[in-house]
Amino acid sequence: MLEPPALRARPRDPRVDFFRGLALIFIFIDHIPDNTWAYGTLKNFGFADASEVFVLLSGYSAALAYGLGSDRGPLKPSFYRAFKRAGRIYFWHIAILIASAIILYAAAHAFRDPAYVHNMFLQRLGDDPAGAAFGVLSLTYQPNQMNILPLYVVLMLWFPVMLTLFRRGVALTLAVSAGIWAVANFFKINLPMNTPGEGWFFNPFAWQLLFTTGAAAAMLGRSHELTKRSALLAMAILYVSFSFLYVAPWVPIGWLPDRPLLPPDLIGTVSKPDLSAWRFLHVLALAYMAGSLIPVSAGWLDRPVARAISLCGRHALEIFALGTILSFAAWIVLRQMGTSMALEFAVSALGVVAMAYAARLLTVRKASQAVPTTVPG
């Protein structure tokens, strides 16, 4: 049976899968506390980090999966799939939080080390179980490193509004989205946490701009004219270079100069929770460079390592969940066995291999489910 026009699949862009998978790997490495190898991830080379890449590409992928082409068909099927996806992400978030709490509470008990609980702000689960349970279910209690999936839930609920606006024009949609971002930043509007005076770490009113921009790129992607403008590419390269110089990634490395080239207060605050314009422009510049300089048919995207990373990007939700659990397991190993660059590399590499292997199993399973079986008779 043919799918409705709004749900008809378009060919996958291997670059999107690859960079989303790479973002998931960076997030895993960054989430291992005191991991020296995190100095090699994106967050140390510019304003934005893997979170921005993940959200931007999630908007792009969501538009392709649930909305692209809906201007020629009914919106209801796309709305249904978006709400269904939001529900799935919500339940995965709850499951990850419960599993992580069990692991960290068990480690705290086994090794008599309360840091496993306190450093992740999980103590509320023991101090006030009923209040914490309500906070978990209402998404108003988000322990450390467990705040990106709640954002993703809200973004998928925003998706139907965004898709409706797209029918009136991409420019209008981006203008509305940018307006919400600006108002949220100016008036400090955020969703509340169950701790008075606190808001979500990833402010959904701000971060929806990145998600919407990714979706808009998918809507405009049918025409590649934007990626053929050398002036825009030159501006993107200059901005990425400025970002690199400003964050000065060489400072933590002992045998390199220990001072940045630019004054640290040159541009003011570069806020991650509120999606600072500096971070937003940085991830857009990176995306523009990748889209302009890397063709869809690039041969290296089909090599084994790149394919393994791309499979992680294809199964983003499951691999993010696994990466979160593995980051806590790696932290326990490092805290108990002592930190060294060799051990940090070992646990980081094993985690990445486990994520790639899990993505391969998920791909094989999905392929087997898609193949119709026949019963001899």
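Throughout, read-outs are computed from the coordinates displayed, never taken from laboratory work. In this text, all values refer to a predicted model and were calculated from it rather than measured experimentally. When we count neighbours, we look across all protein chains shown, and the Cβ atoms used for this are built from the backbone with ideal geometry, even at glycine.
For segment 225-313, applying the loop criterion from DSSP together with a ceiling of 16 other beta carbons within 10 Å to the chymotrypsin sites (Phe, Trp or Tyr not before Pro) yields W250, W255. Among 261-273, 22-34, 301-313, sorting by the average number of other beta carbon atoms lying within 10 angstrom of each residue, highest first, gives 22-34, 301-313, 261-273. Hydrophobic long helices, here whole DSSP H runs in the chain with Kyte-Doolittle means of at least 0.5 and Cα atoms spread over 20 Å or more along the helix axis, are found at 14-30, 76-110, 148-166, 170-187, 204-220, 230-247, 277-293, 316-337, 341-370. Computing Cα Rg over 2.2 N^0.38 Å for the structure here picks out one of [x] 0.96; [y] 1.02; [z] 0.92, namely [y]. For segment 130-200 and segment 10-70, compute the distance between their C-alpha centroids and round to whole Å. Cα centroid of segment 130-200 versus Cα centroid of segment 10-70: 19 Å apart. By the gyration tensor of its Cα atoms, with a ≥ b ≥ c the square roots of the eigenvalues, what is the shape of segment 108-263: rounded for a/c under 1.5, prolate for a/b over b/c, or oblate? Since a/c reaches 1.5 but b/c is at least a/b, the shape of segment 108-263 is classed as oblate. Using a cutoff of 8 angstrom between alpha carbon atoms and counting only pairs six or more residues apart, the relative contact order for the chain works out to 28 percent. By definition, a body whose alpha carbon gyration tensor gives a ≥ b ≥ c is oblate when a/c is 1.5 or more and a/b is not larger than b/c, and segment 93-134 fits this oblate description. Counting alpha carbon pairs within less than 8 Å and at least 6 residues apart, what relative contact order, in whole percent, applies to segment 24-105? Relative contact order, segment 24-105: 16 percent. Is the C-alpha gyration tensor of segment 23-162 telling us rounded, prolate or oblate? Criteria: a/c under 1.5 is rounded; beyond that, a/b larger than b/c is prolate, otherwise oblate. Oblate shape, in that a/c is at least 1.5 and b/c is the bigger or equal ratio.
Peptides 200-209, 103-112 ranked from most to least packed by the mean count of surrounding Cβ atoms within 10 Å: 200-209, 103-112.
For the chain, adding -39500 (n - 2.57) for each run of n ≥ 4 DSSP H residues and dividing by the number of residues yields -21000 deg cm²/dmol at 222 nm.
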